[in-house]
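Peer 1: Let me give you the structure first, and then I'll get to my questions.
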Amino acid sequence: AYRHITRRQLLQGTVDTVSAQEQPNILAPSTLEPGDLATIVRRSTGNRVDPEALLIGLPPKITESFLEYINSSGLMSIFSDLLYKDPVKKGQNKVYDLDDGTKWSARTSNNWVKDGDMTWIDPGNEWTYEFILDIWRKGGFDTVLDTLGEKFGSDGLWVDGTSFIIVSQFEGNNIHYDVGDSNSKSFNIIFPLVIPEGPSQLLVAEPEGFKDGIGINFKKDVGVLVGGDALHGTGNCNYREKTQFRVAIAVYFIDTNEENVEDFADDDTAYYPPRGSEDFLLAQAGRHWAGAGNHTLASDKGRNRIYVQDERGDCHAGAQQGMCDESLNFRNACLKTCQVFLDDEAYYEKLGKIMEWPTETAQD
């Protein structure tokens, strides 16, 4: 069972806390074991920020494995180029195909950045999503899923997406929530992979506090957990004098059902899965947690079956001309040809190789 360090424990000093120099704005425990939680408390007032804004301990292997991957795959070089040589234009996507067979999309925001280059890099298709999911699996992320499911009384959870967030400079206010009125069905954990010299903060805010973010200094192997309604954003920073940049990960979880799937499918902030993919979201429901010991990452059997089809007659011809990467509208209308989603046969074959299944999956 997880441990939850409460506001009272932090205020009464019954747990060791970090210094005001390390965390000027919040009271935070000195250590958090993987899966353990701590309420986020304003140092100046002693008030809890939000019931769905918490610190959470992460398995150290997660950070180690993702750092190894972004360096060995070439993503780290792409991150540097995006920030210092060839940035993505606001509102557009850059698509990258790596030697390991994965596809990635880079995009930035039209609205949030007054002056800065914060950029999101997301999986570009189902194969990349499953490939990255295996890093979470091998890193022991089931500990975190157990905590989320038990803490919030979830019916079932699945890892909806993984985004790398890179930035060399940022000035502005992007305090926001991810999914309004989510009723504890949507969560996001943000944590650092690379912390440069200088200020490196995530902001959280009380309900309705869109202009009043509280800076939390990033710390290795500690994530900031925010529910769909919890306000959060990016602290101002500038690492360009030494040609540095910050790399963080945002990992998303949802508890999908027939009642909320339309709202979740309406989200268009990520490149994958495409907006409107209701059948796909329902096919994932409860896949990675469904009660203690049920449906874990370690024992994953994959999504349920889906029917993948194109909605245009020129998908094959357009794909040969590079339209899958050049046009988001074309790609989203040609899900089969562009291999955004995999046919069931190819999907279970690829997943079986990742999971090292000795025989055909039980989905057959």
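Peer 1: Within region 1-30, can you find the residues that are touching a residue at least 24 places away in the same chain (Cβ under 8 Å) and in a loop (DSSP other than H, G, I, E, B)? Walk me through how you get there before you give the answer.
Peer 2: Taking region 1-30 first, the residues touching a residue at least 24 places away in the same chain (Cβ under 8 Å) are 1-7, 10-11, 22-26, 28-29.
Scanning region 1-30 gives 1, 2, 3, 6, 22, 23, 24, 25, 28.
Peer 1: Looking only at region 304-314, decide whether some residue is hydrophobic (A, V, I, L, M, F, W, C), open to solvent by less than 50 Å² (accessible area, probe 1.4 Å) and under 20 Å from residue 351 (Cα atoms).
Peer 2: Looking for residues that are hydrophobic (A, V, I, L, M, F, W, C), open to solvent by less than 50 Å² (accessible area, probe 1.4 Å) and under 20 Å from residue 351 (Cα atoms), one finds at least one in region 304-314, hence yes.
Peer 1: Of all residues being touching a strand residue (DSSP E or B) at 6+ places or on another chain (Cβ under 7 Å) and in a helix (DSSP H, G or I) in region 76-101, which is nearest to residue 239 (Cα to Cα)? Just the residue, please.
Peer 2: 83
Peer 1: Something else about it: Could you give me the residue pairs with C-beta distances under 9 Å whose first residue belongs to region 111-136 and is charged (D, E, K, R) and at pLDDT 95 or above, whose second residue is in a helix (DSSP H, G or I) and surrounded by fewer than 20 Cβ atoms within 10 Å (Cβ to Cβ) wherever it lies, and which are 6+ apart or on separate chains?
Peer 2: Close Cβ pairs (under 9 Å, with a partner that is in a helix (DSSP H, G or I) and surrounded by fewer than 20 Cβ atoms within 10 Å (Cβ to Cβ)) amount to 126/350; 130/350; 130/354; 134/354; 134/355.
Peer 1: Oh, and also: If only one of 121, 132 is part of a strand (DSSP E or B) and open to solvent by less than 10 Å² (accessible area, probe 1.4 Å), which one is it? Before the answer, list the steps.
Peer 2: Working: 132 fails: part of a strand (DSSP E or B).
Selected residue: 121, the only one of 121, 132 that is part of a strand (DSSP E or B) and open to solvent by less than 10 Å² (accessible area, probe 1.4 Å).
Peer 1: Still on this structure: Just wondering, is there one or more residues in region 218-225 that are closer than 28 Å to residue 173 by Cβ, among the aliphatic types (A, V, I, L, M), open to solvent by less than 60 Å² (accessible area, probe 1.4 Å) and at pLDDT below 95?
Peer 2: no
Peer 1: If we scan region 47-60, do we find a residue that is buried (at least 21 other Cβ atoms within 10 Å of the Cβ), in contact with a strand residue (DSSP E or B) (Cβ under 9 Å, 6 or more places away or on another chain), in contact (Cβ under 8 Å) with a residue 12 or more places away in the chain and under 30 Å from residue 103 (Cβ atoms)?
Peer 2: Yes, some residue in region 47-60 is buried (at least 21 other Cβ atoms within 10 Å of the Cβ), in contact with a strand residue (DSSP E or B) (Cβ under 9 Å, 6 or more places away or on another chain), in contact (Cβ under 8 Å) with a residue 12 or more places away in the chain and under 30 Å from residue 103 (Cβ atoms).
Peer 1: What is the number of the single condition among (1) over 30 Å from residue 84 (Cβ atoms); (2) open to solvent by less than 60 Å² (accessible area, probe 1.4 Å); (3) part of a loop (DSSP other than H, G, I, E, B) that residue 270 does not meet?
Peer 2: With (1) over 30 Å from residue 84 (Cβ atoms); (2) open to solvent by less than 60 Å² (accessible area, probe 1.4 Å); (3) part of a loop (DSSP other than H, G, I, E, B) applied to residue 270, the lone miss is (1).
Peer 1: Given the condition among the hydroxyl-bearing types (Ser, Thr, Tyr), touching a residue at least 24 places away in the same chain (Cβ under 8 Å) and open to solvent by 10 Å² or more (accessible area, probe 1.4 Å), answer yes or no: does some residue in region 164-176 qualify? Steps first, please.
Peer 2: At the first step, the residues of region 164-176 found to be among the hydroxyl-bearing types (Ser, Thr, Tyr) are 168.
Filter again for touching a residue at least 24 places away in the same chain (Cβ under 8 Å), leaving 168.
Adding the requirement that they be open to solvent by 10 Å² or more (accessible area, probe 1.4 Å) leaves none.
No, region 164-176 contains no residue that is among the hydroxyl-bearing types (Ser, Thr, Tyr), touching a residue at least 24 places away in the same chain (Cβ under 8 Å) and open to solvent by 10 Å² or more (accessible area, probe 1.4 Å).
The values are calculated or read from the model by the stated rules, or taken from the named source; none is laboratory data. Everything numeric in this text was worked out from a predicted model, so none of it was measured. Glycine also receives a Cβ, built like all others from the backbone with ideal geometry; neighbour counts cover every protein chain displayed. Each accessible area value is taken on the protein alone, full model and side chains, heavy atoms only, with ligands, DNA and RNA left out. Shrake-Rupley method; radii C 1.70, N 1.55, O 1.52, S 1.80 Å.
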